[in-house]
Amino acid sequence: MQVRVWRGKADGAFQAFEVPRHASQTVLDAVTHIQRVLDPTLAYRFACRVGMCGSCAMTVNGVPRWTCRTHVDKVVKNDRMELAPLRNLPVIRDLVTDMSGFFDKWAKAKGRFSGSRTRNDDFQKIEPDSSGRIAVDAGIECIGCAVCYSACDVVAARPDYLGPAALNRAWTLVQDERDTRTLERLRAVAGDAGCHSCHTHMSCTERCPKGISPTAGIAGLKRKVSLALLRNTL
Amino acid sequence: MNVKAQAVLWVAQRASAAVLALCVTVHLATMVYAIRGGLSAAEILSRTRGSVGWLVFYTVFVLAVTVHAPIGLRAVLEEWFGWRGTARDVLLVGLTLLLAVLGMRAVLGVFL
(Lines give C-alpha, C1' and ligand atoms only; values in the text may rest on other atoms or scores of the structure.)
Protein backbone atom coordinates (compact mmCIF):
# COMPACT_ATOMS: atom_id res chain seq x y z
CA MET A 1 0.00 0.00 0.00
CA GLN A 2 0.99 3.62 -0.35
CA VAL A 3 1.36 5.47 2.95
CA ARG A 4 1.59 9.25 2.79
CA VAL A 5 3.27 10.61 5.92
CA TRP A 6 3.51 14.20 7.13
CA ARG A 7 7.13 15.38 7.21
CA GLY A 8 8.47 18.51 8.84
CA LYS A 9 6.74 21.04 11.07
CA ALA A 10 3.45 22.88 10.54
CA ASP A 11 4.63 24.05 7.10
CA GLY A 12 5.80 20.60 6.02
CA ALA A 13 4.40 18.29 3.35
CA PHE A 14 3.33 14.69 2.84
CA GLN A 15 5.89 12.12 1.67
CA ALA A 16 4.78 8.85 0.09
CA PHE A 17 6.17 5.42 1.04
CA GLU A 18 5.39 1.92 -0.25
CA VAL A 19 4.74 -0.36 2.71
CA PRO A 20 4.07 -4.13 2.43
CA ARG A 21 0.75 -5.38 3.83
CA HIS A 22 0.62 -8.08 6.49
CA ALA A 23 -2.15 -9.92 8.29
CA SER A 24 -3.33 -8.12 11.46
CA GLN A 25 -1.01 -5.21 10.66
CA THR A 26 -1.61 -2.10 12.75
CA VAL A 27 -1.09 1.48 11.61
CA LEU A 28 1.77 1.70 14.10
CA ASP A 29 3.34 -1.38 12.46
CA ALA A 30 3.29 0.48 9.13
CA VAL A 31 4.92 3.57 10.67
CA THR A 32 7.55 1.43 12.36
CA HIS A 33 8.31 -0.28 9.04
CA ILE A 34 8.88 3.10 7.41
CA GLN A 35 11.18 4.27 10.20
CA ARG A 36 13.19 1.05 10.47
CA VAL A 37 13.42 0.06 6.81
CA LEU A 38 12.70 3.03 4.55
CA ASP A 39 13.65 6.25 6.33
CA PRO A 40 15.27 6.27 9.79
CA THR A 41 14.82 10.05 10.08
CA LEU A 42 11.04 9.72 10.54
CA ALA A 43 9.99 11.00 13.97
CA TYR A 44 7.02 9.41 15.78
CA ARG A 45 6.08 8.36 19.29
CA PHE A 46 5.04 5.06 20.80
CA ALA A 47 5.73 3.08 23.96
CA CYS A 48 3.47 0.24 25.10
CA ARG A 49 1.98 -0.90 21.73
CA VAL A 50 -1.05 -2.32 23.59
CA GLY A 51 -3.33 0.69 24.10
CA MET A 52 -2.26 1.67 27.58
CA CYS A 53 0.20 4.53 27.35
CA GLY A 54 -1.59 6.97 25.04
CA SER A 55 1.53 8.07 23.17
CA CYS A 56 0.98 6.82 19.60
CA ALA A 57 -2.12 8.81 18.58
CA MET A 58 -2.00 10.31 15.08
CA THR A 59 -4.39 11.55 12.43
CA VAL A 60 -5.16 8.60 10.16
CA ASN A 61 -6.99 9.50 6.93
CA GLY A 62 -8.17 12.70 8.62
CA VAL A 63 -9.40 11.00 11.80
CA PRO A 64 -7.54 11.01 15.15
CA ARG A 65 -6.86 7.44 16.29
CA TRP A 66 -4.62 5.38 18.57
CA THR A 67 -2.41 3.73 15.97
CA CYS A 68 -1.25 0.70 17.99
CA ARG A 69 -4.79 -0.66 18.24
CA THR A 70 -6.01 0.41 14.80
CA HIS A 71 -5.74 -2.27 12.15
CA VAL A 72 -4.72 -1.13 8.69
CA ASP A 73 -7.61 -3.21 7.29
CA LYS A 74 -10.03 -0.95 9.12
CA VAL A 75 -8.76 2.37 7.77
CA VAL A 76 -6.99 1.76 4.45
CA LYS A 77 -8.81 3.13 1.38
CA ASN A 78 -7.91 2.04 -2.16
CA ASP A 79 -4.66 0.65 -0.79
CA ARG A 80 -3.70 4.13 0.45
CA MET A 81 -3.37 5.65 3.89
CA GLU A 82 -2.52 9.17 5.01
CA LEU A 83 -0.83 9.82 8.38
CA ALA A 84 -0.50 13.25 9.97
CA PRO A 85 0.22 14.57 13.47
CA LEU A 86 -2.68 15.25 15.83
CA ARG A 87 -4.65 18.42 15.17
CA ASN A 88 -4.86 21.27 17.74
CA LEU A 89 -1.32 20.66 19.02
CA PRO A 90 1.93 22.29 17.82
CA VAL A 91 3.91 19.99 15.54
CA ILE A 92 7.48 19.37 16.70
CA ARG A 93 8.46 17.24 13.71
CA ASP A 94 6.80 14.71 11.41
CA LEU A 95 4.22 12.80 13.50
CA VAL A 96 5.34 14.16 16.88
CA THR A 97 3.33 16.94 18.56
CA ASP A 98 4.12 19.04 21.60
CA MET A 99 1.62 17.80 24.19
CA SER A 100 2.71 20.10 27.02
CA GLY A 101 -0.20 22.52 26.44
CA PHE A 102 -2.61 19.59 26.53
CA PHE A 103 -1.36 18.43 29.93
CA ASP A 104 -1.01 21.99 31.28
CA LYS A 105 -4.77 22.22 30.84
CA TRP A 106 -5.24 19.16 33.08
CA ALA A 107 -3.42 21.12 35.78
CA LYS A 108 -5.54 24.23 35.08
CA ALA A 109 -8.67 22.09 35.49
CA LYS A 110 -7.37 21.03 38.94
CA GLY A 111 -6.91 17.50 37.69
CA ARG A 112 -4.94 16.38 40.74
CA PHE A 113 -6.62 14.32 43.47
CA SER A 114 -6.68 15.98 46.87
CA GLY A 115 -7.86 13.77 49.74
CA SER A 116 -8.16 14.40 53.44
CA ARG A 117 -6.75 11.13 54.78
CA THR A 118 -3.17 10.15 55.41
CA ARG A 119 -1.42 6.81 55.08
CA ASN A 120 -2.14 6.22 58.77
CA ASP A 121 -5.89 6.34 58.24
CA ASP A 122 -8.07 3.46 57.17
CA PHE A 123 -9.29 3.23 53.56
CA GLN A 124 -12.42 5.24 52.83
CA LYS A 125 -15.23 2.89 51.87
CA ILE A 126 -16.94 3.75 48.58
CA GLU A 127 -20.03 1.75 47.67
CA PRO A 128 -19.44 0.18 44.22
CA ASP A 129 -23.01 0.93 43.15
CA SER A 130 -23.08 4.53 44.41
CA SER A 131 -23.86 7.11 41.70
CA GLY A 132 -20.51 8.82 42.20
CA ARG A 133 -18.54 5.59 41.87
CA ILE A 134 -20.47 4.66 38.70
CA ALA A 135 -19.75 8.09 37.19
CA VAL A 136 -16.05 7.80 38.08
CA ASP A 137 -15.87 4.31 36.54
CA ALA A 138 -17.33 5.66 33.29
CA GLY A 139 -14.57 8.24 32.88
CA ILE A 140 -11.52 7.00 34.77
CA GLU A 141 -9.89 4.85 32.08
CA CYS A 142 -8.55 7.84 30.11
CA ILE A 143 -5.03 7.18 28.83
CA GLY A 144 -4.27 10.81 27.96
CA CYS A 145 -3.79 10.16 24.24
CA ALA A 146 -5.28 13.54 23.18
CA VAL A 147 -7.45 11.95 20.48
CA CYS A 148 -10.48 13.75 21.94
CA TYR A 149 -8.56 17.03 22.11
CA SER A 150 -7.56 16.65 18.48
CA ALA A 151 -11.14 15.83 17.43
CA CYS A 152 -12.67 18.81 19.27
CA ASP A 153 -13.75 21.77 17.09
CA VAL A 154 -14.12 24.02 20.14
CA VAL A 155 -10.41 23.58 20.93
CA ALA A 156 -9.70 24.65 17.34
CA ALA A 157 -11.94 27.73 17.74
CA ARG A 158 -10.82 28.67 21.27
CA PRO A 159 -7.18 27.89 21.98
CA ASP A 160 -7.69 28.49 25.73
CA TYR A 161 -10.55 25.94 25.98
CA LEU A 162 -9.55 23.26 28.49
CA GLY A 163 -10.74 20.47 26.20
CA PRO A 164 -12.54 17.15 26.69
CA ALA A 165 -9.77 15.20 28.43
CA ALA A 166 -9.02 17.79 31.15
CA LEU A 167 -12.74 18.36 31.77
CA ASN A 168 -13.38 14.60 31.92
CA ARG A 169 -10.60 14.31 34.50
CA ALA A 170 -12.13 17.16 36.53
CA TRP A 171 -15.50 15.41 36.36
CA THR A 172 -14.12 12.13 37.75
CA LEU A 173 -12.65 14.08 40.69
CA VAL A 174 -15.84 16.08 41.27
CA GLN A 175 -17.63 12.72 41.51
CA ASP A 176 -14.97 11.27 43.83
CA GLU A 177 -16.34 11.26 47.39
CA ARG A 178 -12.83 11.37 48.85
CA ASP A 179 -11.75 14.53 47.07
CA THR A 180 -11.84 17.77 49.08
CA ARG A 181 -11.45 20.49 46.43
CA THR A 182 -14.72 20.25 44.50
CA LEU A 183 -15.66 23.93 44.73
CA GLU A 184 -12.22 25.11 43.71
CA ARG A 185 -12.33 22.70 40.79
CA LEU A 186 -15.80 23.85 39.69
CA ARG A 187 -14.50 27.43 39.62
CA ALA A 188 -11.56 26.25 37.50
CA VAL A 189 -13.72 24.48 34.91
CA ALA A 190 -16.59 27.01 34.67
CA GLY A 191 -16.88 29.76 32.09
CA ASP A 192 -15.76 30.46 28.54
CA ALA A 193 -12.52 28.49 28.73
CA GLY A 194 -14.23 25.60 30.50
CA CYS A 195 -17.30 23.40 30.34
CA HIS A 196 -19.65 26.19 29.22
CA SER A 197 -18.02 26.41 25.81
CA CYS A 198 -18.72 22.78 24.92
CA HIS A 199 -21.03 22.67 21.87
CA THR A 200 -22.02 19.06 22.52
CA HIS A 201 -20.86 18.06 19.03
CA MET A 202 -19.69 14.81 20.69
CA SER A 203 -16.65 14.39 18.44
CA CYS A 204 -14.65 13.49 21.58
CA THR A 205 -17.14 10.78 22.49
CA GLU A 206 -17.19 9.49 18.91
CA ARG A 207 -13.39 9.24 18.73
CA CYS A 208 -12.32 8.23 22.26
CA PRO A 209 -10.55 4.88 21.82
CA LYS A 210 -11.44 3.89 25.39
CA GLY A 211 -15.17 4.40 24.87
CA ILE A 212 -15.35 7.27 27.37
CA SER A 213 -17.91 10.03 26.89
CA PRO A 214 -16.25 13.31 27.89
CA THR A 215 -19.43 15.00 26.63
CA ALA A 216 -21.39 13.35 29.44
CA GLY A 217 -18.82 14.48 32.00
CA ILE A 218 -18.86 18.03 30.67
CA ALA A 219 -22.67 18.06 30.87
CA GLY A 220 -22.32 16.88 34.48
CA LEU A 221 -19.92 19.73 35.21
CA LYS A 222 -22.42 22.20 33.73
CA ARG A 223 -25.09 20.84 36.08
CA LYS A 224 -22.77 21.03 39.11
CA VAL A 225 -21.69 24.59 38.27
CA SER A 226 -25.31 25.67 37.76
CA LEU A 227 -26.28 24.20 41.15
CA ALA A 228 -23.34 25.96 42.81
CA LEU A 229 -24.47 29.18 41.13
CA LEU A 230 -28.02 28.76 42.43
CA ARG A 231 -26.69 28.11 45.95
CA ASN A 232 -24.43 31.14 45.58
CA THR A 233 -21.34 29.09 46.44
CA LEU A 234 -19.50 29.44 43.12
CA MET B 1 -15.50 39.12 32.88
CA ASN B 2 -15.12 36.70 35.77
CA VAL B 3 -15.99 33.03 35.66
CA LYS B 4 -19.13 33.45 37.75
CA ALA B 5 -20.52 36.05 35.33
CA GLN B 6 -19.70 33.75 32.40
CA ALA B 7 -21.59 30.92 34.12
CA VAL B 8 -24.55 33.25 34.72
CA LEU B 9 -24.62 34.12 31.00
CA TRP B 10 -24.66 30.41 30.14
CA VAL B 11 -27.58 29.71 32.48
CA ALA B 12 -29.42 32.77 31.14
CA GLN B 13 -28.99 31.57 27.58
CA ARG B 14 -30.20 28.05 28.33
CA ALA B 15 -33.17 29.32 30.34
CA SER B 16 -34.15 31.79 27.59
CA ALA B 17 -33.79 28.97 25.04
CA ALA B 18 -36.34 26.93 26.99
CA VAL B 19 -38.73 29.89 26.97
CA LEU B 20 -38.12 30.46 23.25
CA ALA B 21 -38.84 26.81 22.43
CA LEU B 22 -42.33 27.30 23.83
CA CYS B 23 -42.83 30.80 22.40
CA VAL B 24 -41.73 29.89 18.87
CA THR B 25 -43.98 26.83 18.85
CA VAL B 26 -47.03 28.82 20.00
CA HIS B 27 -46.20 31.65 17.59
CA LEU B 28 -45.82 29.42 14.54
CA ALA B 29 -48.87 27.31 15.37
CA THR B 30 -50.95 30.46 15.82
CA MET B 31 -49.71 31.92 12.54
CA VAL B 32 -50.46 28.75 10.59
CA TYR B 33 -53.92 28.50 12.16
CA ALA B 34 -54.77 32.19 11.81
CA ILE B 35 -53.86 32.66 8.14
CA ARG B 36 -55.22 29.38 6.74
CA GLY B 37 -58.13 31.23 5.13
CA GLY B 38 -56.21 34.43 4.35
CA LEU B 39 -55.74 37.29 6.76
CA SER B 40 -55.55 41.07 6.53
CA ALA B 41 -53.69 43.54 8.75
CA ALA B 42 -57.03 44.83 9.99
CA GLU B 43 -58.03 41.34 11.13
CA ILE B 44 -54.73 40.85 13.00
CA LEU B 45 -55.11 44.19 14.76
CA SER B 46 -58.70 43.43 15.70
CA ARG B 47 -57.48 40.37 17.62
CA THR B 48 -54.36 41.84 19.20
CA ARG B 49 -55.50 45.37 20.15
CA GLY B 50 -56.34 45.47 23.82
CA SER B 51 -55.54 41.76 24.25
CA VAL B 52 -53.56 41.55 27.49
CA GLY B 53 -52.89 37.85 26.88
CA TRP B 54 -51.07 38.47 23.57
CA LEU B 55 -49.30 41.50 25.11
CA VAL B 56 -47.89 39.34 27.90
CA PHE B 57 -47.02 36.47 25.54
CA TYR B 58 -45.12 38.61 23.02
CA THR B 59 -43.45 40.66 25.77
CA VAL B 60 -42.06 37.43 27.21
CA PHE B 61 -41.07 36.35 23.66
CA VAL B 62 -39.20 39.62 23.01
CA LEU B 63 -37.43 39.57 26.38
CA ALA B 64 -36.32 35.96 25.80
CA VAL B 65 -34.89 36.93 22.40
CA THR B 66 -33.21 39.96 23.98
CA VAL B 67 -31.45 37.72 26.50
CA HIS B 68 -30.73 34.82 24.15
CA ALA B 69 -29.39 36.35 20.94
CA PRO B 70 -26.57 38.60 22.23
CA ILE B 71 -25.13 35.82 24.43
CA GLY B 72 -25.07 33.45 21.47
CA LEU B 73 -23.55 36.12 19.24
CA ARG B 74 -20.89 36.69 21.91
CA ALA B 75 -19.69 33.11 21.46
CA VAL B 76 -19.94 33.29 17.66
CA LEU B 77 -17.82 36.47 17.52
CA GLU B 78 -15.17 34.87 19.71
CA GLU B 79 -15.06 31.46 18.06
CA TRP B 80 -15.33 32.56 14.43
CA PHE B 81 -13.49 35.86 14.50
CA GLY B 82 -11.40 35.66 17.68
CA TRP B 83 -13.05 38.87 18.89
CA ARG B 84 -13.25 39.28 22.65
CA GLY B 85 -12.90 42.20 25.03
CA THR B 86 -14.65 45.42 25.95
CA ALA B 87 -15.42 46.67 22.42
CA ARG B 88 -17.29 43.44 21.63
CA ASP B 89 -19.23 43.57 24.89
CA VAL B 90 -20.21 47.22 24.32
CA LEU B 91 -21.50 46.27 20.87
CA LEU B 92 -23.50 43.40 22.38
CA VAL B 93 -25.03 45.62 25.08
CA GLY B 94 -26.04 47.96 22.25
CA LEU B 95 -27.57 45.03 20.35
CA THR B 96 -29.46 43.98 23.49
CA LEU B 97 -30.98 47.44 23.84
CA LEU B 98 -31.80 47.58 20.13
CA LEU B 99 -33.59 44.21 20.25
CA ALA B 100 -35.52 45.26 23.35
CA VAL B 101 -36.58 48.62 21.88
CA LEU B 102 -37.50 47.33 18.41
CA GLY B 103 -39.20 44.24 19.84
CA MET B 104 -41.29 46.11 22.39
CA ARG B 105 -42.14 48.77 19.80
CA ALA B 106 -43.59 46.01 17.61
CA VAL B 107 -45.48 44.44 20.52
CA LEU B 108 -46.98 47.75 21.63
CA GLY B 109 -47.68 48.63 17.98
CA VAL B 110 -50.22 45.82 17.68
CA PHE B 111 -51.54 46.17 21.26
CA LEU B 112 -52.30 49.90 21.46
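The values are calculated or read from the model by the stated rules, or taken from the named source; none is laboratory data. The shown structure was predicted, so the numbers you read here are calculated from the model rather than taken from an experiment. For neighbour counting, all protein chains shown are included, and Cβ atoms are generated from backbone atoms with ideal geometry for every residue, glycine included.
So if I check each of A:Ala188, A:Ala146, A:Ala165, which one is modelled with pLDDT of 95 or more and within 14 Å of chain B (Cβ to nearest Cβ)?
Sole residue among the options that is modelled with pLDDT of 95 or more and within 14 Å of chain B (Cβ to nearest Cβ): A:Ala188.
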I'd like to know if segment B:57-68 contains one or more residues that are crowded, with 17+ Cβ neighbours inside 10 Å, among the aromatic types (Phe, Trp, Tyr) and within 22 Å of A:Val189 (Cα to Cα). no
Can you tell me how many residues within segment A:205-234 are surrounded by fewer than 19 Cβ atoms within 10 Å (Cβ to Cβ), of a type in the set (D, E, K, R), assigned to a helix (DSSP H, G or I) and within 14 Å of chain B (Cβ to nearest Cβ)? 1
Which numbered condition A:Ala43 misses (of (1) under 23 Å from A:Asp160 (Cα atoms); (2) in a loop (DSSP other than H, G, I, E, B)): (1)
With the structure loaded, tell me whether A:Ala156 is surrounded by fewer than 23 Cβ atoms within 10 Å (Cβ to Cβ), in a helix (DSSP H, G or I) and of a type outside the set (Val, Ile, Thr) or whether it fails that test. yes
Can you spot a residue in segment B:28-48 that is away from chain A (no Cβ under 14 Å) and under 26 Å from A:Thr200 (Cβ atoms)? yes
Exactly one of B:Leu63, B:Leu9, B:Leu20 is hydrophobic (A, V, I, L, M, F, W, C), within 14 Å of chain A (Cβ to nearest Cβ) and within 20 Å of B:Arg74 (Cα to Cα), and that one is B:Leu9
Residue hits (segment A:35-76; on the phi > 0 side of the Ramachandran plot and surrounded by 13 or more Cβ atoms within 10 Å (Cβ to Cβ)) are A:Arg49, A:Gly51, A:Gly54, A:Asn61
Quick one: B:Leu77 ticks every box in (1) within 19 Å of B:Ala12 (Cβ to Cβ); (2) more than 14 Å from chain A (Cβ to nearest Cβ); (3) of a type in the set (A, V, I, L, M, F, W, C); (4) touching a helix residue (DSSP H, G or I) at 6+ places or on another chain (Cβ under 9 Å) bar one, so which box is it? (2)
Return the total of residues in segment A:134-182 being basic (Lys, Arg) and over 21 Å from A:Ser226 (Cβ atoms). 1
Show the residue pairs meeting these rules: Cβ distance below 7 Å; 6+ apart or different chains; first residue within segment A:46-75 and touching a residue at least 60 places away in the same chain (Cβ under 8 Å) and farther than 18 Å from A:Asp94 by Cβ; second residue of a type in the set (A, V, I, L, M, F, W, C) and loosely packed, with under 15 Cβ neighbours inside 10 Å. A:Cys53/A:Ala47
